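These notes are about the structure you will find just below.
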Amino acid sequence: MLIRSPKSWEIPTSAVTSASLYHDRPRRDFLRTLGLGLAGAALLRPSALLAATAGFPAKGNPLYPGSALKPTPEEYVTGYNNFYEFGTDKGDPKELANQGWKTDPWTIELAGLVRSPAKFDVNELVKKIGGIEERVYRHRCVEAWSMVIPWDGFALAKLVALADPKPEAKFLKLTSFNDPKSSIGQRDHNLNYPYVEGLRLDEATNELAFLATGVYGKPLPNQNGAPIRLVTPWKYGFKGIKSIVRIEFTATQPTNTWNIMAPSEYGFYANVNPTVDHPRWSQASERIIGGGIFSGRQATLMFNGYDKQVAGLYKGLDLAKNY
Ligand code: MTE
């Protein structure tokens, strides 16, 4: 019999098991969900199911097992979202990203300092990459809440290899879609659009960096960033740019949307760090979404528990200055 000792980055199942799904959920979100269940169901599912479908069902990756981290109930993962293009309340994206916004077909472009610039349909890309796998990762939002999410997708390093960066390439600049006709947030200018994010090249090729095309074994719903979004589990959730249309390789550090909006509050690195507080709140602990009222908080871990995999990337860097 194989006995597995838990890794340092695994949190106890008890910390994320939901006893009661709706207890810590704001009443308004709950009512909104109910309303959608009745009136909106027909509107919601068809477009969500049109997202990138290649490669399903994915095989689990034994390095990031679902048995070690108990996933947050699916209705929270797909119903409690940040996607400012579709509103600023947590329940807005599920509603507003599913009112005719098309995420299939979808083209993603590889550009900049690469030997193989290209444009791919996302389904074609998945086939070219060699399929998808499932990884269960912690998700820590900069707003001090967390989930555990079973993503489907592939290592970003595979895409980097496909692009074949030139030696001058040191960073990736990732850009989200720009379509004010479909996006109420873009029409309202609630952020600087399109949403952009960046990674150092060595961060992008770290084993954890992941491009998700699905969640909970199904193609990504629009509200989670269909058809393809970034997942960097050692960083705050805002690095996880959704609905990516372009990845450009650059020599200089790109800017990122939340840093443009509030530079003193959100940096380029955004590494989860319980010792560096946000100017307006502590980052030492986090609210567990879906955890029920009595097990609702837990201590935040350095690099969200992934220090073994990523601490080496930041040797010699002052993490308080490079927040
Ligand atoms: N990507 C885009 N394009 N627009 C956004 O507003 N929000 C970010 C990130 N990616 C955001 C985005 C934030 S703040 C978080 S916490 C995560 O998406 C939330 O991902 P989830 O809704 O799938 O949990």
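Read-outs throughout are calculated quantities, based only on the coordinates presented, and are distinct from any laboratory measurement. Quantities reported herein were computed from a predicted structural model and do not represent experimental measurements. Cβ: placed from backbone, ideal geometry, glycine included. Neighbour counts: every protein chain shown.
For segment 13-314, just say rounded, prolate or oblate: build the C-alpha gyration tensor, square-root its eigenvalues into a ≥ b ≥ c, call rounded for a/c under 1.5, and beyond that prolate if a/b exceeds b/c, oblate if not. Rounded. In the structure shown, the pairs Lys59/Lys102; Lys102/Lys173; Lys239/Lys321; Lys181/Lys218; Lys102/Lys181; Lys59/Lys94 are assessed against 20 Å; a Cα-Cα span above that value is assigned to Lys59/Lys102; Lys102/Lys173; Lys181/Lys218; Lys59/Lys94. The slack in the chain from Lys181 to Arg200, taken as 0.36 nm per residue of separation less the alpha-carbon distance, amounts to 3.6 nm.
Between the amide H of Gly198 and those of Leu174, distances stay under 5 Å, these residues lying 5 or more places away or on another chain, with hydrogens modeled in the peptide plane.
Each residue of segment 167-182 is assigned a 3J(HN,Hα), and the resulting list reads x, 6, 6, 10, 9, 10, 10, 10, 10, 8, 5, 9, 8, x, 4, 8 Hz, derived from the Karplus form 6.51 cos²θ - 1.76 cosθ + 1.60 (θ = phi - 60°), x at Gly and Pro. Restricting segment 245-320 to chymotrypsin sites (Phe, Trp or Tyr not before Pro) that sit in a DSSP loop and have at most 10 other Cβ atoms within 10 Å of their own Cβ leaves Phe294.
Once backbone amide H atoms are built at 1.01 Å from N, Trp145 has Arg287 as its partners under 5 Å, excluding neighbours fewer than 5 places away on the same chain.
Look at where the Cα atoms of segment 228-274 and of segment 67-101 average out, and the two centres are 19 Å apart. For segment 82-99, 3J(HN,Hα) computed residue by residue from phi via the Karplus equation (6.51, -1.76, 1.60; θ = phi - 60°) reads 10, 7, 4, 4, 10, x, 9, 8, 4, x, 5, x, 4, 7, 7, 8, 10, 10 Hz, glycine and proline entered as x. The slack in the chain from Ala262 to Arg297, taken as 0.36 nm per residue of separation less the alpha-carbon distance, amounts to 9.9 nm.
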